[in-house]
1. Let me spell it out: the conditions are (1) at pLDDT 90 or above; (2) over 23 Å from LEU188 (Cβ atoms); (3) of a type outside the set (Gly, Ala, Ser); (4) surrounded by fewer than 22 Cβ atoms within 10 Å (Cβ to Cβ), and ASP15 meets all of them except one. Which number is the exception?
2. For segment 1-47, name all the residues that are among the acidic types (Asp, Glu) and assigned to a strand (DSSP E or B).
3. Filter segment 27-79 for residues that are among the hydrophobic types (A, V, I, L, M, F, W, C), buried (at least 18 other Cβ atoms within 10 Å of the Cβ) and within 19 Å of VAL198 (Cα to Cα) and give the result.
4. Read through the list (1) farther than 25 Å from LEU4 by Cα; (2) modelled with pLDDT under 95, then give the number of the only condition that VAL162 fails.
5. Is it the case, given these coordinates, that SER91 is in contact with a Gly (Cβ under 9 Å, 6 or more places away or on another chain), under 21 Å from MET182 (Cβ atoms), surrounded by fewer than 17 Cβ atoms within 10 Å (Cβ to Cβ) and of a type outside the set (Val, Ile, Thr)?
6. With ILE164, ILE153, ILE101 as the choices, which residue is of a type in the set (A, V, I, L, M, F, W, C) and part of a strand (DSSP E or B)?
7. Hey, can you tell me all the residues within segment 48-82 that are touching a Ser or Thr at 6+ places or on another chain (Cβ under 7 Å) and part of a strand (DSSP E or B)?
Amino acid sequence: MISLRGISKAYTMGDSTVWALKNVDLDIHKGDFVAVMGASGSGKSTLMNILGCLDVPTSGVYNLDGVEVQKLKRDELAVLRNRKLGFVFQSFNLLSRTAAIENVELPMLYNHTVSPKQSHERALAALDAVGLKDRAHHYSNQLSGGQQQRVAIARSIVNDPVLILADEPTGNLDTHTSVEVMAVFQGLNNRGITVILVTHETDIAQYTKRNVVFRDGEILSDSLVATPRNAAQELTVIKARS
């Protein structure tokens, strides 16, 4: 699904050049669930911006789902982001005085192939997929942090993307709520959705299938998780104890 070959990214700071990524080769396959890790300044955020078509590499080739991204025009990139990518952020990025279902419908405002009726139905289905159909008409400020993040995840899947990019999605959540969110990601991944998640938390990375660690703009390690933690099972145990 994703092929990066020789991807480098340089930033000019005054008279000096800083290389955020250095000749990175990386393949992500359909159905992968990958945690991208590394210290601040390691290159993981730059990588995510390139994968999300929010930034362009200085050199190298990026292929996404059979498309060479660098050859696309600005309008074509916008369509690709809207139709093939879903984004989840640490801060949720929901409209506070807007109902959950309306937040989820937002990406479809730019998808002119979807009618208003279809938009409403798909938004409800997406909320149902993250266990929040009964909160469809609650405003963001009426939802807990974990529920807000699940609304954000529903928004990310409403256009049926080939890839979800999640940037520190549990960074603002407590441990129990983080497990709830990871259970949602695991459920979506079990349905065949490819997920790439940036995290600095090693325990969160253990819920994924593969860990890619960056350091100084290069891949330090790329390894499979032998036995990923099962978030749904952990939630069952937590509820039994409470």
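The values are calculated or read from the model by the stated rules, or taken from the named source; none is laboratory data. It should be emphasised that the depicted structure is a prediction, and the values quoted were computed from it without experimental measurement. No Cβ is skipped: glycine too gets one built from the backbone with ideal geometry, and neighbour counts run over all protein chains shown.
1. In the conditions (1) at pLDDT 90 or above; (2) over 23 Å from LEU188 (Cβ atoms); (3) of a type outside the set (Gly, Ala, Ser); (4) surrounded by fewer than 22 Cβ atoms within 10 Å (Cβ to Cβ), ASP15 misses (1) alone.
2. ASP25, ASP27
3. ILE28, PHE33, VAL34, ALA35, VAL36, MET37, LEU47, MET48, ILE50, LEU51, CYS53, LEU64
4. Single failed check for VAL162: (1).
5. It is true that SER91 is in contact with a Gly (Cβ under 9 Å, 6 or more places away or on another chain), under 21 Å from MET182 (Cβ atoms), surrounded by fewer than 17 Cβ atoms within 10 Å (Cβ to Cβ) and of a type outside the set (Val, Ile, Thr).
6. ILE164
7. SER59, GLY60, ASN63, listed by residue number.
Let's see how each residue does on (1) surrounded by fewer than 21 Cβ atoms within 10 Å (Cβ to Cβ); (2) at positive phi; (3) among the basic types (Lys, Arg); (4) part of a helix (DSSP H, G or I):
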site	(1), (2), (3), (4)
THR170	no, no, no, no
THR177	yes, no, no, yes
ASN211	yes, no, no, no
ALA226	yes, no, no, no
ARG229	yes, no, yes, no
